[in-house]
Each structure stands twice: as structure tokens, then as C-alpha cells.
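The structure under discussion appears below in the form of C-alpha cells.
The values are calculated or read from the model by the stated rules, or taken from the named source; none is laboratory data. Because the structure is predicted, anything quoted here is derived from the model rather than measured. So basically every Cβ, Gly included, is an ideal-geometry build from the backbone, and we count neighbours across all protein chains shown.
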Amino acid sequence: TLQDRLQSAFKSLRGKGRLSEADIDAVAREIRVALLDADVAVPVVRDFIANVKERARGSEVSQALNPAQQVIKIVNDELVTILGGETRRIQYAKNPPTVIMLAGLQGAGKTTLAGKLGLWLKGQGKSPMLVAADLQRPNAVNQLQVVGGQAGVTVFAPEPGNGIGDPVKVATDGLAEARRTLHDVVIVDTAGRLGIDAELMQQAADIRAAVDPDEVLFVIDAMIGQDAVVTAEAFLEGVDFTGVVLTKLDGDARGGAALSVRSITGRPIMFASTGEKLTDFDAFHPDRMASRILDMGDMLTLIEQAEKALDTEQAAKDAERMLGGRFTMDDLLTQLEGIAKLGSMSKIMGMIPGMGQYKDQINNFDEREFDRIKAIIKSMTPAERDNPKLIDGSRRTRISKGSGTQVKDVNNVVDQFFAMRKMMQQMSKGGGMPGMPGIPG
Ligand code: GDP
Ligand code: MG
């Protein structure tokens, strides 16, 4: 399996003190073969390997990680990246109902997905409705009614018996019905063929044009292997889609389609199906999928801990330096970025007990202020950041232009900086900050 192959590739690095060019080439070659054998698309493999090599060469000798760990971390990071980085959530319409259309080959798992997604959306407090716009197969409407029944979700189906219906009309009628009955999400199931088919693609495109969906989800069987590329490209071209759903991940040991589809289409994988039961379904998490592919959960945890320990060490050193009066604009930037990482300011404030009474001020807090300060600091030269005393009038004008702000904004940041530095110097004279580890009193 891909897991085994990658692990044996990493094994060859064990015990090495540092990574030589030859080591990097050798491990890259092994990873390349492993990915190709797992049916990852050729251009995706090429880019992946190039990135891994570049990062392995450029990686500073990390104090926290040994060479094998460094490469594992790089491979893991790159896997997360090609799987899409962050989880992408459904974009709900400002004015409900949100329309989600499903497209994909026959047997990909669209109808099953309609039920799964319906159930999942119900769990998110939504009131979904399924629309049976697959009139191609005799049993398709009935199948949707069955999964809808299992999920406890309303199904809109065409009246039976008047010959071959018009799927576009069913889709628009279904949407109208959802509006009337105040369902806030509409999931439109569509027909698929066994292969790529122009007529069917046109039908999907017509349905898309008629219901103007907020999301078009391309449903793809993860076991499809190298065919993933052609199929995904055909649907991208023929219908276009906003996101991908991988199905039958339970049966796929190789991960090829999962690793290819995001890079090939530029569209995020949003959900994953992992079985025939309606509950075998969840939002797609690139990081979890990456660690599943690497199958090195314990090693990754170890790597994370090692890095965190180093971070803590670094933070303590930084704190010591700042309190020693050597506080720079870069430090200010790092602090701001640390705060930004925690989430939006209003969210942070909202989590602090007793802050509820300041709700209005919190809501009025201008998140863009953060961005402005960051832009200003980033427009300073390294010398200015290191020694802000250099920042005279003409430099302030230049910085304000560079950051798209006003001179008074730059003045504010510089003033704040000196105020903070002064505060720190006073703190250090006063014997340090009580209760903060790593800061000598
Ligand atoms: P559609 O033609 O795209 O609508 O595909 P269906 O929803 O009818 O699914 C085709 C077959 O795949 C059915 O037998 C499903 O039970 C099965 N199926 C769908 N999703 C999954 C999955 O995630 N895992 C497994 N093992 N089977 C699935
Ligand atoms: Mg179907």
C-alpha cells in the first residue's frame, strides 16, 4: 500500500545525521514510485516531488527534528496542501433556499450522497429537501425516495406515469416547492452515465442553468484510479462545479483519486463518503486524510510536540530579549500574528467570562485595524523594524504610501511601539512579570 511504501522510504533516512543531496534524491524517487503506484495523476506527482525536494534542500537544520522526521513533516505538509489545506464549508445562500446540485458518473454515489447530505444538514439545523431530477433510470426516483425516507428528509419527485419527464422542469418545480414550503436547502440529484456522455453533460448543464445552484458538487468514486483525471476534467468543462465529494473512500487503499482531484480541478474536496450507511459521511479534512495516508499518527504527534517544545524555548528567549529592552517592530508583528492566529478579536473577547457587558464595543472592534498595523510594519525596511528610531518624517510618508495608509496611522503604530517598549523596560526593572514561566525575575 501507499502507507507501507512511504514508511519504507522514510526508513532509509533513519540514523542519518543530516540530509545529503543523494539522500534527498533517493527518498524522493521512492516517494514518486509509491505515488504513481497508488494511481496519483502523473502531473500531480511531478509537482509534489518537486516541492518536497525543494523544501528538503532548503529546510534549515532544525534543532527539533532529525532528518527522517523533517522529511516526514515535509511530506505530510505537502499532502495536506495538495488535499486542499483547510476544510471548505458549504456556502449557504444569503436568501434561502441554498441550492446544491449533484453531478457525476452513474454509480459514483450521488443518490446515496443526497441522503447522507440531507441527514448531515439536518444535524446542522437545516431543513433540507431532496429533488429527484434523475429520470434516466426507471428506479432512480424510487431510490431517492428510499434514502430520503431513511434520512427523514422530504423528497420532491415528479408525478409517476406520464412518460419520460423533463429533469430540468422537475428541478425548477422542486426548487419552487422548497420555496413554498420553506425548506432552506435543496439538494438536486441528477442522472449519470457509465462513461462521459455529451447528452447527459448537456442535461446537467441545463439543470445547472435553470436552478442556478449555490454549490455544484462533483461526486467521484475514489476507486476510479487514473480515470479520475479525465472524468474530473470532463465534468469541469461540461458542467463546472464548486466542490468535490469523494465516495467509497472505505474501499480505496491507494488514495490516488483523493490526491489528484484537487490539483487537477482546482476545486476543493468538501465531503467524504466512507460506506453504504447514511452516517458513513463527513466533511473532508485534508489534515486527517494526510495522516491517514501517511499512517504515522504517532510520529506526527511526536514531531508536533518537538516543534512546540522548541517554540516554547524560543518564546522564552524572545521574552527575555524583549524585556531586556531589545523589542523590535518584528516582535510587534509576531505578537500581532499570534493574536490573529487565535481567531477574530471579537471571538476571543467573547470567550472571556464577564466580557458580555462590553458586547457593543466588541462588535464595533475594527478587525481591519489589525491588518492595517501589519501592513504598516511590513512596509518598513529591516533596518527600520530593528531600530524604529530611524523612522523620521520622510520615512513615515514612504511607509504610509507603501502600506496604503495615512501618515497618522504610521505615527500611531510608531507611538504604540515606543509605549510598549517602555512598558516592557519598566516591567523588567520592576522584577519581571510574576507567574510567567521562562522570564527571569
Ligand atoms: P449514483 O448512480 O451516482 O446515484 O450512485 P448511487 O448512490 O446509486 O450508488 C451506487 C452504489 O455505490 C450503491 O450500491 C451505493 O450503496 C454504493 N455507495 C455509495 N457511496 C458509497 C460509499 O461511500 N462506500 C461504499 N462502499 N459504497 C457506496
Ligand atoms: Mg443516482
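Any idea which of Gln70, Gln136, Gln143, Gln124 is away from ligand 2 (no atom under 15 Å from the Cβ) and outside the structural domain of Ser12 (by TED's automatic domain parsing)?
None of the others qualify; the one that does is Gln124.
Going by the structure shown, is Val131 within 11 Å of ligand 2 (Cβ to nearest atom), closer than 20 Å to Leu278 by Cβ, in the same structural domain as Val229 (by TED's automatic domain parsing) and in contact with a helix residue (DSSP H, G or I) (Cβ under 8 Å, 6 or more places away or on another chain)?
Here the answer is no, as Val131 does not meet what is asked.
Residue by residue through segment 199-239, note down the ones that are within 14 Å of ligand 1 (Cβ to nearest atom) and assigned to a strand (DSSP E or B).
Leu217, Phe218, Val219, Ile220, Asp221
Per-residue answers, yes or no, for (1) within 23 Å of Val75 (Cα to Cα); (2) touching a Lys or Arg at 6+ places or on another chain (Cβ under 9 Å):
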{"site": "Phe235", "(1), (2)": "no, no"}
{"site": "Thr247", "(1), (2)": "no, yes"}
{"site": "Leu259", "(1), (2)": "yes, no"}
{"site": "Asp295", "(1), (2)": "yes, no"}
{"site": "Leu302", "(1), (2)": "yes, no"}
{"site": "Leu333", "(1), (2)": "no, yes"}
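Taking Asn66 as meeting all but one of (1) surrounded by fewer than 21 Cβ atoms within 10 Å (Cβ to Cβ); (2) closer than 25 Å to His285 by Cβ; (3) not hydrophobic (A, V, I, L, M, F, W, C), write down the number of the exception.
Among (1) surrounded by fewer than 21 Cβ atoms within 10 Å (Cβ to Cβ); (2) closer than 25 Å to His285 by Cβ; (3) not hydrophobic (A, V, I, L, M, F, W, C), the lone unmet condition for Asn66 is (2).
Can you list the helices (runs of 4 or more DSSP H) found entirely within segment 240-324 that contain at least 3 residues being surrounded by 14 or more Cβ atoms within 10 Å (Cβ to Cβ) and β-branched (Val, Ile, Thr)?
The helices (runs of 4 or more DSSP H) meeting that bar are 256-265.
Only one of these is within 16 Å of ligand 2 (Cβ to nearest atom) and either farther than 30 Å from Asn139 by Cα or touching a helix residue (DSSP H, G or I) at 6+ places or on another chain (Cβ under 9 Å) (or both): Thr81, Thr111. Name it.
Just a single option satisfies the conditions, and that option is Thr111.
Among Ala228, Ala176, which is the only one that is more than 22 Å from Leu144 (Cα to Cα), more than 16 Å from ligand 2 (Cβ to nearest atom) and either touching a strand residue (DSSP E or B) at 6+ places or on another chain (Cβ under 8 Å) or not basic (Lys, Arg) (or both)?
Going through Ala228, Ala176 in turn, the sole match is Ala228.
Where residues in segment 211-261 are in contact with a Ser or Thr (Cβ under 9 Å, 6 or more places away or on another chain) and charged (D, E, K, R), which of them is nearest to Glu177 (Cα to Cα)?
Step by step, filter segment 211-261, then rank; the result is Asp214.
Give the residue that is farthest from ligand 2 (Cβ to nearest atom), with candidates limited to residues of segment 180-200 that are out of contact with any strand residue (DSSP E or B) (no Cβ under 9 Å at 6 or more places or on another chain) and closer than 24 Å to Val239 by Cβ.
Only one residue tops the list, namely Ala198.
Can you find, within segment 315-344, the residue that is nearest to Arg368 (Cα to Cα) among those that are at pLDDT below 75 and of a type in the set (S, T, N, Q)?
Out of the qualifying residues, it is Ser344.
Between residues in segment 180-198 that are more than 15 Å from Ala210 (Cβ to Cβ) and part of a loop (DSSP other than H, G, I, E, B) and residues that are more than 13 Å from ligand 1 (Cβ to nearest atom) and of a type in the set (Val, Ile, Thr), which pairs lie under 8 Å by C-beta distance while being six or more apart or on different chains?
Thr181/Thr154; His183/Thr154; Asp184/Thr98; Ile196/Val230
Where in segment 75-175 are there strands (runs of 3 or more DSSP E), lying wholly inside it, with at least 2 residues that are away from ligand 1 (no atom under 12 Å from the Cβ) and surrounded by fewer than 15 Cβ atoms within 10 Å (Cβ to Cβ)?
No strands (runs of 3 or more DSSP E) qualify here.
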